[in-house]
1. Just one of A:ILE433, A:ILE370, A:ILE399, A:ILE391 is within 24 Å of A:GLY191 (Cβ to Cβ), in a helix (DSSP H, G or I) and not small (Gly, Ala, Ser); which is it?
2. Here are A:VAL62, A:VAL77, A:VAL25: which of them is within 27 Å of A:ALA90 (Cβ to Cβ), more than 14 Å from chain B (Cβ to nearest Cβ) and at pLDDT below 90?
3. Which one of the conditions (1) assigned to a loop (DSSP other than H, G, I, E, B); (2) free of Cβ contacts under 8 Å to residues at least 24 places away in the same chain does B:LEU377 fail to meet, given that it meets all the rest?
4. Select from region A:28-50 the residues that are over 25 Å from A:GLU89 (Cβ atoms) and either within 14 Å of chain B (Cβ to nearest Cβ) or part of a helix (DSSP H, G or I) (or both) and list them in ascending order.
5. Tell me, please, whether a residue that is buried (at least 19 other Cβ atoms within 10 Å of the Cβ), at pLDDT below 95 and of a type in the set (A, V, I, L, M, F, W, C) can be found in region B:162-171.
6. Might you let me know whether region B:48-65 holds any residue that is in contact with a Leu (Cβ under 6 Å, 6 or more places away or on another chain) and either without any contact (Cβ under 8 Å) to a residue 24 or more places away in the chain or surrounded by fewer than 16 Cβ atoms within 10 Å (Cβ to Cβ) (or both)?
7. Give just the number: which of (1) small (Gly, Ala, Ser); (2) more than 10 Å from every other protein chain (Cβ to nearest Cβ); (3) surrounded by 11 or more Cβ atoms within 10 Å (Cβ to Cβ) does A:ALA16 not satisfy?
8. For A:VAL84, all conditions in the list (1) part of a helix (DSSP H, G or I); (2) over 15 Å from A:GLY335 (Cβ atoms) hold save one; what is the number of the exception?
Amino acid sequence: MQYKIDTRPLPIVILARWWRFPVFVLLGYTLYFCFGQQPPEGLSLEGYRALIVFLTCLVLWVTHLLPLPVTGLFALVAPPLLGVMKAREAFSFFGSEPVFFIMGVFILATALLKSGLSTRMALHLLKSGSKSPKRLILQVMLTAALLSFVMSEHAVAAMMFPLIVIITKKLRLSPQQSSYGRTLFVAMAWGCVIGGIATMLGGARVPLAVGLLQEAGNGTIAFSEWTLSMMPAVIVLFGFCYFLLTRFYPIDVDTVSEADAAIDEQIRDCGRLLMEEKFLALLIVAAIACWIFLGAQLGMATIAILAVVLLFMFRVVEWKALQELMEWGVILMYGGAIAISSILNSTGAGLWVTQKYIIPHLSSPWMVIIVLSLLTILLTEAMSNSAVVAIFVPIGMSIAKQFGMDPRVVVFAVASASGLAYALPMSTPSVAIAYSSGYLKLKEVVVPAAIMAAVSWLALMLSARFWWPLLGIHVGG
Amino acid sequence: MNIALLKLQLLYSGIRAGQNLPNPLTNPFGLVHLVLPEGVTVSVHRNENGTDSPFTLRKDGAQFFLDIAGSESVPVQWTPPLHSYQQKTSSGVLVSDILTVHGDFIAVHPTHACRFGQSGLSCRYCGSSRDVSQHPPFTPRDLVEAIQIVEQEKRCDLVSLSSGRVDTPDGGVERLEKWVTEIRKHLNVLIALDLVPPETNDWIDKTYAMGVDALYYDSDFFNPNDEPRKDFEKHKVRQLEALAYARRIFPTGAVLSHLVIGLEPLEETRASIDLLIDRGVVPVLAYFPPYDGSNLRSRWTATPEQAREIYAHLYERLVRTRINPHWVQQYDVVLTALEGRFFSNESPRYHLKLKNFYETSYGRAVRFSLARLRRHLRVVPA
């Protein structure tokens, strides 16, 4: 194990390491104080306590005082503790369909990663990019985006990162100095971000939002419906991103032909396509087809779990190898988020908050979508995108009810906007991975990232105005 | 009677055995444990020649006295040798073959020749005075058992291990790691290591992170058989660098360096004290006069009267700084920095009260807890 000795003055070390404890005490006291108060007018006692739990989770999610999955668990145990509902009911939310859909999708993505199939796909997609520097940027973006259609964007970034490092080394691009090196890593991260909103597989935030929608009894969103609704925005953003990257960052290399040799070498190292990889590829394609055509009848989670069962039936991967790579914590976080959202809905707390504090400031359904998506895009830069979804979707659905809107519109607006974080390392893992390369400095990324965020929001609003109605999704209700 | 001077004189001359003394009088290493007035402890060798020492220990009724030739008698306490020394670990190794107890700390016998021992002389510190190859081998498990046996009889705060002479880049850290790990796993004690300065500072980080509380990089590598070292200057520069870096990593006062008095001009020792204290390092002045009859005795230049100036200087420098001198508390084979107060008019300020507090069970708990807490805060997995 490697160690680092923190040699800062001890009071500073204590503050840095233990600041959480006084905050926890303060939070605990606030919780206790609020618990002893009478509920405000118009809000039931259960609703009031549910709101306390929600606000506590909100603080924990925003501040990261606890790891996100642990806050998710807290959201499960707090309602029974505060007498909002029985423990059996609270824990039953964990067994909801979206949680199992997320689990299935994660297992499939992990299998892709573990088998090396995703790396092979990435290498073949990158292979034709070495004709010119601009072409390589395009290929990196395209590879990242296309792979993020079928697996979690952060898994794609983690898988592509070493490949981009190899390319930058072959091209002798210096960290912190090479503009082209920086462009390649940004292209990888933003390719993942843009591709990640295209389908429900690009991250767990869309399934989470859909799960919240289902648990609130507001219907559902089909796989194909989501993909179709997002595709124009994804294409526009992809094109604009390429334009921005190639204009904003000077290309300081003449040729990238050496990258070709590096990619070829990596492809050779992959060896021939194994039977397991072929089967896995077939299985993923079949699962996607089923989600598109049979998702409504069979249920998204059923298809995902069935694919997982087949995965192990044919021994494509070993459970032991897979469980080491799986991000089980995300599933815990989502179980908790779905529980708290459902409790807000069932106790009427969400409705009360929106009626009292939000509705008076909003004048129309369009205003609702504009404000929610804008807030989401801004907050997702500083917060986990799943946390943003967990906060805004329940509130948004309550607002939508007040305006007689289709609650699914809120899910489209919030879930897509929550994935569009470009600037800060804490916003999304793919951006954080790009920063870890050492090629990026925040001041060099922040301006194009702000432009991308603005254009992304505009693209979503234009989609909502002109494209979604063609699919039967109307903002106006 | 100046108690500190008496201690130095005892270390220099040893004692003669008088009347009515119990048997055995000495510990297995030939040392008699005495507590002088003011609670000053000393382990003094029995002068076998019986002629040069002006001190005679005798017993009158229940009281022990130290008769000083041409002067008055001083009442002292005699501490019987630990029974623990005669006990064995579960693998059959005698405790006295594993460690020596000096006041409130334990010096573990190196499984390899210590630097002083290499000269062929007795090492009063680590107990490996005889031929090291004759020492039975023992394991970290034996060491832990031996410490546990001693702790049942006597309180011990600090366990000190020495790397011996090594030429590896780590300065002996890796050699001692398994010992430190085993002690940390089973015992609640402070650990000090006596090492050679490593080539790079990351070894110093590792030393602290693996559970070491105090560190010695000795400034005097005395070996009368050595040719003058070719790379002495380079070595000295690196040693000062390592000490300065260790001072940033370890608690204040926990970076120490032995200086042997008497084998170099006293002015040089004085200059070395200043050099070390200026870098936040606590010099531990080892007053180990060669025994009568050894060929080094004639080269020895520091009589107790001469050495007192140096001890006074060390004490005064330390109390004027914020360096904590308490890592060497009850050290009975050297005169501690705080015992230098008997040679000076300068007040020990809060240091004496703190020393007395650390000797209580609460003080011990506080000291240990603070050391653990500091490590918990400072060591961060990279």
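1. Numbers: A:ILE370 fails: within 24 Å of A:GLY191 (Cβ to Cβ); A:ILE399 fails: within 24 Å of A:GLY191 (Cβ to Cβ); A:ILE391 fails: within 24 Å of A:GLY191 (Cβ to Cβ).
That would be A:ILE433, the only listed residue that is within 24 Å of A:GLY191 (Cβ to Cβ), in a helix (DSSP H, G or I) and not small (Gly, Ala, Ser).
2. A:VAL62
3. The failed condition is (1).
4. Residues satisfying the conditions are A:TYR29, A:THR30, A:PHE33.
5. No: zero hits.
6. Checking region B:48-65: at least one residue is in contact with a Leu (Cβ under 6 Å, 6 or more places away or on another chain) and either without any contact (Cβ under 8 Å) to a residue 24 or more places away in the chain or surrounded by fewer than 16 Cβ atoms within 10 Å (Cβ to Cβ) (or both).
7. (2)
8. (1)
The values are calculated or read from the model by the stated rules, or taken from the named source; none is laboratory data. Note that this is a predicted model, so its numbers are computed, not measured. Because the Cβ atoms are built from the backbone with ideal geometry, glycine has one as well, and the counts that use them run over all protein chains shown.
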